[in-house]
Every structure is written in C-alpha cells, then in structure tokens.
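Right, one structure below, let's go through it.
The values are calculated or read from the model by the stated rules, or taken from the named source; none is laboratory data. Fair warning: this is a prediction, and the values are worked out from it, not measured in the lab. Using ideal geometry, Cβ is built from the backbone for each residue, glycine included, and neighbour counts are taken over all protein chains shown. All accessible areas refer to the heavy atoms of the entire protein, side chains included, with ligands and DNA or RNA removed. Shrake-Rupley method; radii C 1.70, N 1.55, O 1.52, S 1.80 Å.
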Protein chains: 2
Amino acid sequence: MAILPPGIDSARFATALEALERVVGAGWVLSSDEDLKPYRDHYSPVPLAEDELLPSAAVAPSAVDQVQAIVRIANEYKLPLYPISTGKNFAYGGPSPNLRGSVVVDLKRMDRILEVNADRNFALVEPGVSYFDLYRHIQERGLKVWIDCPDPGWGSPVGNTLDRGIGYTMGFYRDHAAAQYGVEVVLANGEVMRTGMGALPNGRAWQEYKYGFGPDPSGLFAQGNYGIVTKMGLRLMPQPAHWRTGLVTVPKRRDLAPLINTVNYLNDLSMIGDPWYGSPLRPLLTDPSFRAAATRRGGGDADQLDRYAEAAGLHSWQVELQFYGSERTTLANWEYAKELMMERIPGARLFDGESLKVPLSREQIEQTTGPYATSMRRNITQGVPSLGIWKNLGRTEALPDTWAQGHIGLFAVLPRSADAVFEAQHVFADTMGELGLQSGITALSTPVMWYQFAFLFSAGFSTGGGNASNTPEGRAKVRDGLNALLVKAAEHGWGEYRAAPYFQDSVAAQYSFNDHALRRFNETIKDAVDPNGILAPGRGGIWPSHLRRTRR
Amino acid sequence: MAILPPGIDSARFATALEALERVVGAGWVLSSDEDLKPYRDHYSPVPLAEDELLPSAAVAPSAVDQVQAIVRIANEYKLPLYPISTGKNFAYGGPSPNLRGSVVVDLKRMDRILEVNADRNFALVEPGVSYFDLYRHIQERGLKVWIDCPDPGWGSPVGNTLDRGIGYTMGFYRDHAAAQYGVEVVLANGEVMRTGMGALPNGRAWQEYKYGFGPDPSGLFAQGNYGIVTKMGLRLMPQPAHWRTGLVTVPKRRDLAPLINTVNYLNDLSMIGDPWYGSPLRPLLTDPSFRAAATRRGGGDADQLDRYAEAAGLHSWQVELQFYGSERTTLANWEYAKELMMERIPGARLFDGESLKVPLSREQIEQTTGPYATSMRRNITQGVPSLGIWKNLGRTEALPDTWAQGHIGLFAVLPRSADAVFEAQHVFADTMGELGLQSGITALSTPVMWYQFAFLFSAGFSTGGGNASNTPEGRAKVRDGLNALLVKAAEHGWGEYRAAPYFQDSVAAQYSFNDHALRRFNETIKDAVDPNGILAPGRGGIWPSHLRRTRR
C-alpha cells in the first residue's frame, strides 16, 4: 500500500513525480516499496504502525538548480519535502521525515568539496560530502588541518551541523553549529540565498566571518525548516604538533565540585580538549550492597559512598584530560592542571597518560588505550572519521527482529556543576525506575562535555531486552517513557538538545516559556517565508499553519 | 521646531507621549529640544540638515513590563521605537535612529546584573549595565573572571553585542556575538520571548548552551529590529594566571604571507590572544621618496620596498603576540611561535616582550609599553574597561564646530591572507585619493584581528581638517566618499561589518547576492513579526513594508 502525501491523491501524486523526474532524470525519483526501503527509520519506535514516519517518495538532485526546480514543483503540488544529506543518522530517526508521506530530497549526489584552505583553516562543502570524503580529500593533499568528526564518519558535515551535532577535539570545533561559517540555502520560494559574507555577490571571506551585515538568520536553518542548505562553510582546526593525555582522580564524592570547576577553568581558557569524566568506583557495582547504595532513591549519600570508596582503596571520580599544541605546550598545560588540582582538591592523584607526536600513525590511532578505551577512542580525538562506534553500539544477533534492538533516550543539557550532576543522577534513575525502564544510571554516572560550555547527561536505554520494544506494548512503554522523561527533565530545568523526528514535538513542547512564545515566533516566520508549508513540515517542532493541528 | 514621527500629527503625538508617561512615570518621557540634546548624534554627517536622524522623543522604562507596555502603545499609535542601551556609541551614530522622528527607548535604567558565575564563567545582564558596572561588580566580589571589553568602557555588553562589537582578549571572547549566550526579548507584539535554554520555563543552563531546541532565531536580534533585548547572557573568560607578549619581525614584504599564516595557525589553536600587526618601516614615511614608493598607485612594489627596508636596516612587518595561561603555558606557546617563525621565515627576529603575573596591578595596567603603546593598551588586553582611547581619538580644540572633527570610514572584512592585505592597501588608498579624501593608508597598513577568524582593514578618515566636514560641501564629500568606498570594497568582495544608522542602507545594499535575497528574506520576516513596523525601522537595512520606499 503506497504512502501518499496528505491531501494528494495517487493520480496527482503520479503527475508530481513525473514532473520531478523531468528535473532530475529517470532513476532519481524513487517510489516503489523496494526502492524506499533505505528511506525508512530502521529504529522507528512505531514500526509498521499507521503513524510510522514513512516517506511517499525520494528524489535525488545533483545540483542547486535542480533543488530550486524541485521546490517550485513542491509549491505547485503542495508536496511536503524532507531534505537529507548523506550518512545514516541511526540515532536520530534515520531519513524519516516529521510528516508521514513527505518526499525525501536526498542530497547525496551533491558531493563536491568546493574548497579546503589550510592557511585560513576552513572548508566549503555540499550536503552530500561525508566526513570520510572530507578527510580523504585533506589526506590526499597533505593538508595540515583537522576535521572535528562525530561517530560514525559516514555522516556529512552539513547534515550533522544542521542537527547541531558534536565532535571530540577542542571546544570551539566540537560545537559544529558554532564552527558553521556561512550557508547557501534554497528558500521555499525556490530562490537561492547566502548568509554572512556570502551575501556579497563576490564575497571573499565567507568562511571567515559568519555574520555579514544586518540580522543573521543562519541559526534558523539548524534544526529548522526554512530552507534547503546546498552549501556550508565550516572552520577547521589546524593540525597540532602534539597530543597528550593526563588522568586526574579525586577521592571523595563531594570533590566532583572542585574537579568540575577546575576543568571548566582549563576548558574555557582553551587549555584542554574534550574532557572525559568517569568514576573509578564502577567495578564496585557488581557488589549488591554497593549497587544498592549507588542506586538509592533520592540520590547517593556522600558519606556512605565515600566509606565504600575508602574501603576499596578507590577514588570516587576521574577525568581524563587531553591536550593539543606543541609538545611543550601540552606539557605546560598538563603541569598546570596538576598544580591546580593538587592545590584545590586534597588527595587528588595525577597520572601522566600518553604523549604522542601528531599525526599519529595508523597503528597508534587504532591502538586501544586509556581508562575508557573503545575502538573509536583515538580516532575521534584526532579528527579521524571511523565506524568504530559500531563495535560498541551494534545490534546483537540475539534479537533478529529488525527494530527489536537499538537505543533511545535523551541527552539533557545540564549546567556544568556537580550539584546538577548529582541531581540528574537520581532524578533520571528514579524516574526511569518508576516508568519501568531499565537504565544504567547510578550515583556514579557522569556527564559528557561535547559542547563548549555545557554538560550533556545521558538518560538512554536499550529498546530491546528488558524494555521489550519488539512488542507493541513494549514499544508503547519506550515511547511513553521517553516522553515522561522529557517532562521530568524540563521540571528540573534541563532540556533535550536533539531528537528523532518522531519525538521532536515532545521535545519542543518543553521549551514553553511564556506560552510557547519562541515556537509561536518561529511559526510566524515559517508561515511568512514558506506559505505553502512545503519544507520539512514539523522539523524542530515547527509546523506550517495548515498542519499545526497535527502536532503530536 | 519639534520633530514628529512620520504620519503622526502633534496632537496625536502628545496623546501618545501621555500614554507613555503613564507607563514610566513623570520625568521619564523626554521631548523638549533641551531634553533631547543627549539623544543627538554629535558626529552626524548631516548636522541640522532635514535628514539628520533626530528622535522625536525618548522614553526610559525601568522594567520589562514597562517595555512591553511601551511596545503596545507604539502599536496603537504606530510610533516607531528605537531602543538603545547605555554608553555613547560615538563611532556608530550615537543614539540616533535609522528613521527620523523615532522615539528612543532608552534602557539605561534597566541596569541589574542578574548573575555572575565564576565557576561556570558567565554573566546575565540587563541592557543598562555598562562594562564599567560589570567590571566593578566582579572586582568587588573578587571573582576570577574577565570581561572582554571594547574601548571605551562606558558602553554596555548588551548594546555592544547587538551591534556585533569586539574586544581584545582571546579569540572566542573577542567575538561578542559568539560569546552571547541567550537573550530575552520583548517582541513587537509586546510579548516576552527567551531563546536557547531560556525557553525552558525553569531553564538552568541558559548561559551555557545557546541554541535550545529547534531553529534558533537569536541571530536576528544583532544588527536587527525584531525585538527589544531586555536580558542577555554572555560567556566570561576565566582569569588567566599569566600574561606574556612577544614581538616577531620579518625582513621582506612578501614575508607577510607566512607571517599571517603562522599567526592564523596559533590563533586557531587558541595559543595566542589578539595579535597586533604593524610595520617597522613606518618611520620611513617621513622620507618623501619612500612615501612615494609606499603610496604608489596600484600597490607597493615588493622589491623596491625591500631595498628601502634593507638600506634602513629595518624589517618590513611585525606582529606582537599575546599569550594567556599559566606562566609555563605562555612561555611554551611563545617558544613554539618562535620556533615556527624561524623555521618558516628566513631572517625572522624574535623579541621577548613582557611577562607578568595576572592580575596586573593598577600601575602595571596604566604603564604604557609595547610597539603600539597607547594609554589603553594594557587595559583592553586585560579586560579592564577604560576611557583611554579618547587620549588618542579625541576631538581637537582647533576646530570648535561641534561636528567638525571626528572619524568616519569603514572596516572592511578581509580574508586572513597577505594577498588580501596587499590588495586592500592600494584599492582603498587609490580610491580615497580619487575621491579627494585624505587617508593614512599606505603599503605599510595592516589589518586588525578583532574577530576570531577574519581581518578587518580600516579605511577611515578624519572628517575635519583636509576633509573639511564643517561645510555642507565638505560633509557631502565625506558622505559620498564613504558610499563610494563601500561600493569599491564590495567589488573586491569585502564588506563592512558595522555602521552608523545613516550609512546602514548603503552598507546593506552591498550584500545583494541574488537580487538582495537575504534582505528580502529578512524583510519578509520583519513584516510577519512586526506588522506595524514599529521596532527600529531601518536598522541593519531592514525596513517594514510601509517604509521600504524610504530606504536610502
């Protein structure tokens, strides 16, 4: 049974597809069930259900003028379009649109690397360029610049940035939206617009100054639906000469506060790369009495947990620091970190980690080391795209059902303080317990610092196994559970930063200050610049007026 | 003769002012000539002319609800409002609106510092808070955070940031728009909206994550007119332990290329603060034959200028580098800079500069040192607000006419390359010569690197003296000259980043890619969110529909 866009019958849809085919050529409009399989979300929380977010067709243009023509046709036929770049987007809904029946605009064929500049340190790329492509381009030319890549590397800088994705090198570069320097978009009226210095017809510093003159609407295109981005600039980190790591451990539970504050200090002066927090007490979780203490409702008791730690001869917290720069810079920064930690946290221990000349050899990159060693550990801290994450997160063979296994959950944006971490630990663990969701959250859980100045705290859970998402009841539990978690997080002042289309309305609903003033403002803009509501209706929680009542 | 808003007669205007007075209280609505004097641009290019951008009145609210009430009254009476924060804004039009007859909304009374957090390194302030206020607040509490302040310090973080102002410390913090983390705005409909995590009713990381969820419209409020910003968050730089400077000089003209590329490298790895470029050949400009060579049409001849340099025993270029961090970090970074310069640029000379424990004492801050020593040199590199710049840029007594003397011009955004600098030198010098404008631009002129990844090249000129702006003809020359320079710059792909209201249409006109697609997009948004066009009509080149034909 073919899926159709809302309000369009099959005859008219066939005519629209013919019009699209005249633009992109035979073979680049896909609408058979077989051809559309790759455009399904294989981790959908509602597989085969009536509200599974399936596309009606896909169209793959090869150039900007084809995108413009597609948009004009969409206006004529009132076709909802859903642009995607390249990669899989497994964690965030795959290629599935917010509105069932949308036509996916697959930009994978627009894969030109228009410029990589290693003196001024930027790139200008099309949406179909993957992190692998960009890395290969740079390596082949021996350019001394790094990309900051997420895992896995098959995704695209454009798609990742427009979803406000992150990486693992230095602070500024980790925030891909911040490192975005200039976009070209096809607007809903089919016109091409450039932001920043790209708005100068002959602009020469498009990738060096992002604002241009006057108001800058470029923030509307990330997690938004006001245009189809066809070119994007991004800042590149120069290749440092040296990489060094150091491990800090601190004895007591309450030491997390000065530990975090000191890491904040080093981070905000750009003296470190991505810091990796953890707890050396994790092995104790196999002891039932410790586990009970670490999963106590209302939060861990600091004194009680400290007694366990002391008895086991273990420290409570650790952070692995990374340093980029010259050999002496990395050493000086690490020595300074040691000095501050010793001064501020009695009993802190400092362990020299690795110290390697950059670029690391292939063998060095693949070698697995460090307290949180994973197969992708070295890759991502060195800006080398990989698929290593799948060794950790892949689906098991035990549950062959296509959608049985996966992960779902939220990454809550948290203040960078120990108080916030302690609060988040028990709020999420307790709430998930109440909802009957298995979680790994304990009083030892730590946040990640992918963004430049914020923590993200993971309340994720497997959709297989104990949470049984391979039954309709199990899937309802997963779905309702996540929605309940979002509400609970918002009560505590924490929001989700990113979500699959199926959950975007629930996430956006939490950002409700003054009766959803922000969403109403954004939807007023939406109606003005896309009056037919053809561009990604629903993306980021923003619906065009005629579909607003379908908001989930 | 009283100024009125367009289309409003004096009786109706009086009624409107009474309504405003009921909101803010007696004494906070100003409309007499005498009371409005502080709301004139004392450097107006068209003083006393019919198109001088004078306000009709000023209103000073003390709280957000008063701003809301003012906006509602403005909608009722179709009053154009022009919000200002605090400070003088001398270089960019003072308090003058884009539309003559606008009512200035002076936010100086909203001067609360709502939070300064020295563990998580941010501030949340109202528009009436000045850099002096914020600095004093921090000092009084002994907090170990810096502000990145422009000169002079009487301006406000909110106003400066909304004009995309800059400072002089480390790259990220110098770009005030980037360091803006969250705004609260009163929209044209009188509603209050918060962006980012502030859109969570109970948001706890408003100043730590700037995007929130979904499209982020916060870029619309800088150099824009979509709302009145009533609160703003900003990131603060942690106070470093040490400050160090080093001077690099390179012998030949063409050495500017590797010099710039190497500084780009250090800057983009956050190993340096604001770099200060210059030329040691400047003293030779008093020699007429050298001056002729350095002001040769079409650009300086590298070989010829090198011969002069060699004969004088001088190097062609220099850059003063600044380092922030621990004492050893600053030393390691400076040593690395030396190493790279020696390796890449034959004949480069490296001079150790200053090395001082932070915070500097008051005496150390006021001491004048360095190759470009000015009275504000140390202040601004240490985040200490000052008025020192007036010692360099103040008006002379020789021309008592109020508007006779001042400076005007453009700061063109340039790619960070020597080629761009060489081209800009002769393009601006030659063009200004053709226009009969005195300029100081020579083949020795260097750009500034206030922004994180771009050069700004100054084509400024005095409006007094030879340019004779104290006559109508002189002023016309100044005005037409600047407009011609903007066009010439755009031909070369360089745009102005900031301008006084009087020149904003001319600047915006250059950003015309695809028949002004960006401006048309922004104006479509303007009409949708401010249908009566009451908020700062014309700001950033954006006019509401009913006033669009008045675009200059």
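Here's the yes/no breakdown for (1) touching a residue at least 60 places away in the same chain (Cβ under 8 Å); (2) not assigned by TED's automatic domain parsing to the domain that holds B:Asp119; (3) not aromatic (Phe, Trp, Tyr):
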site	(1), (2), (3)
B:Val248	yes, yes, yes
B:Asp255	yes, yes, yes
B:Ile260	yes, yes, yes
B:Ile272	yes, yes, yes
B:Ser279	yes, yes, yes
B:Phe290	no, yes, no
B:Arg297	yes, yes, yes
B:Gln304	no, yes, yes
B:Ala312	no, yes, yes
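Criterion first (open to solvent by 20 Å² or more (accessible area, probe 1.4 Å), modelled with pLDDT of 95 or more and either assigned to a loop (DSSP other than H, G, I, E, B) or closer than 30 Å to B:Glu473 by Cβ (or both)) does B:Asp51 satisfy it?
So B:Asp51 does not fit the description; no.
Being outside the structural domain of A:Gly153 (by TED's automatic domain parsing), on the phi < 0 side of the Ramachandran plot and either open to solvent by 70 Å² or more (accessible area, probe 1.4 Å) or out of contact with any helix residue (DSSP H, G or I) (no Cβ under 7 Å at 6 or more places or on another chain) (or both) is true for just one of A:Asn98, A:Asn75, A:Asn117. Which residue is that?
A:Asn75
Are any residues in segment B:341-354 open to solvent by 10 Å² or more (accessible area, probe 1.4 Å) and more than 14 Å from B:Gly273 (Cβ to Cβ), and if so, which ones?
Listed by number, the residues that qualify are B:Met342, B:Glu343, B:Arg344, B:Pro346, B:Gly347, B:Ala348, B:Arg349, B:Leu350, B:Phe351, B:Asp352.
In segment A:261-314, what residues are crowded, with 16+ Cβ neighbours inside 10 Å, in contact with a Pro (Cβ under 9 Å, 6 or more places away or on another chain) and assigned to a helix (DSSP H, G or I)?
A:Val263, A:Asn264, A:Tyr265, A:Leu266, A:Asn267, A:Asp268, A:Asp306, A:Ala309
When segment A:409-443 is examined, which residues are found to be in contact with a Leu (Cβ under 8 Å, 6 or more places away or on another chain), open to solvent by less than 10 Å² (accessible area, probe 1.4 Å) and under 27 Å from A:Met170 (Cβ atoms)?
A:Leu410, A:Ala412, A:Val413, A:Leu414, A:Ala418, A:Ala420, A:Val421, A:Ala424
Evaluate segment B:27-36: report whether one residue or more is assigned to a loop (DSSP other than H, G, I, E, B), on the phi < 0 side of the Ramachandran plot, open to solvent by 30 Å² or more (accessible area, probe 1.4 Å) and in contact with a helix residue (DSSP H, G or I) (Cβ under 8 Å, 6 or more places away or on another chain).
yes
If I filter segment B:188-211 down to residues being open to solvent by 10 Å² or more (accessible area, probe 1.4 Å) and of a type in the set (A, V, I, L, M, F, W, C), which single residue comes out as nearest to the other protein chains (Cβ to nearest Cβ)?
B:Val192
Every residue in segment B:54-68 that is in a loop (DSSP other than H, G, I, E, B) and either under 16 Å from B:Pro501 (Cβ atoms) or free of Cβ contacts under 8 Å to residues at least 12 places away in the same chain (or both), please.
B:Leu54, B:Pro55, B:Ser56, listed by residue number.
State all residues of segment A:4-26 that are open to solvent by 40 Å² or more (accessible area, probe 1.4 Å) and either within 31 Å of the chain's Cα centre (by Cα) or of a type in the set (Lys, Arg) (or both); if no residue qualifies, say none.
Across segment A:4-26, the qualifying residues are A:Leu4, A:Pro6, A:Arg12, A:Arg22.
Report the residue count in segment A:527-541 for those that are closer than 20 Å to A:Pro501 by Cβ and among the aliphatic types (A, V, I, L, M).
3
So that you can scan it fast, the table gives a plain yes or no per residue for (1) modelled with pLDDT of 55 or more; (2) within 14 Å of chain B (Cβ to nearest Cβ):
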position	(1), (2)
A:Thr374	no, no
A:Arg378	yes, no
A:Thr381	yes, no
A:Lys391	yes, no
A:Asp401	no, no
A:Leu410	yes, yes
A:Ala418	yes, yes
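I'd like the residue in segment A:155-184 that is within 12 Å of chain B (Cβ to nearest Cβ) and among the aliphatic types (A, V, I, L, M) and, out of all such residues, is surrounded by the fewest Cβ atoms within 10 Å (Cβ to Cβ).
So the residue we want is A:Ala177.
Do we have B:Thr230 as in contact with a Phe, Trp or Tyr (Cβ under 8 Å, 6 or more places away or on another chain) and either open to solvent by 10 Å² or more (accessible area, probe 1.4 Å) or not in a helix (DSSP H, G or I) (or both) here?
Spelling it out, it is not the case that B:Thr230 is in contact with a Phe, Trp or Tyr (Cβ under 8 Å, 6 or more places away or on another chain) and either open to solvent by 10 Å² or more (accessible area, probe 1.4 Å) or not in a helix (DSSP H, G or I) (or both).
Being at pLDDT below 95 and charged (D, E, K, R) narrows it down to one residue among B:Arg549, B:Arg519; which is it?
Within the list B:Arg549, B:Arg519, the selection yields B:Arg549.
Given (1) of a type in the set (Phe, Trp, Tyr); (2) within 14 Å of chain A (Cβ to nearest Cβ); (3) farther than 21 Å from B:Arg282 by Cβ, identify the lone condition not met by B:Phe457.
(3)
State whether the residues of segment B:501-518 include one that is in a loop (DSSP other than H, G, I, E, B) and away from chain A (no Cβ under 11 Å).
Within segment B:501-518 (the criterion being in a loop (DSSP other than H, G, I, E, B) and away from chain A (no Cβ under 11 Å)), the answer is no, since none of the residues qualifies.
Which condition number in (1) within 28 Å of A:Leu53 (Cβ to Cβ); (2) touching a strand residue (DSSP E or B) at 6+ places or on another chain (Cβ under 9 Å); (3) surrounded by fewer than 23 Cβ atoms within 10 Å (Cβ to Cβ) is the one that A:Met110 fails?
(3)
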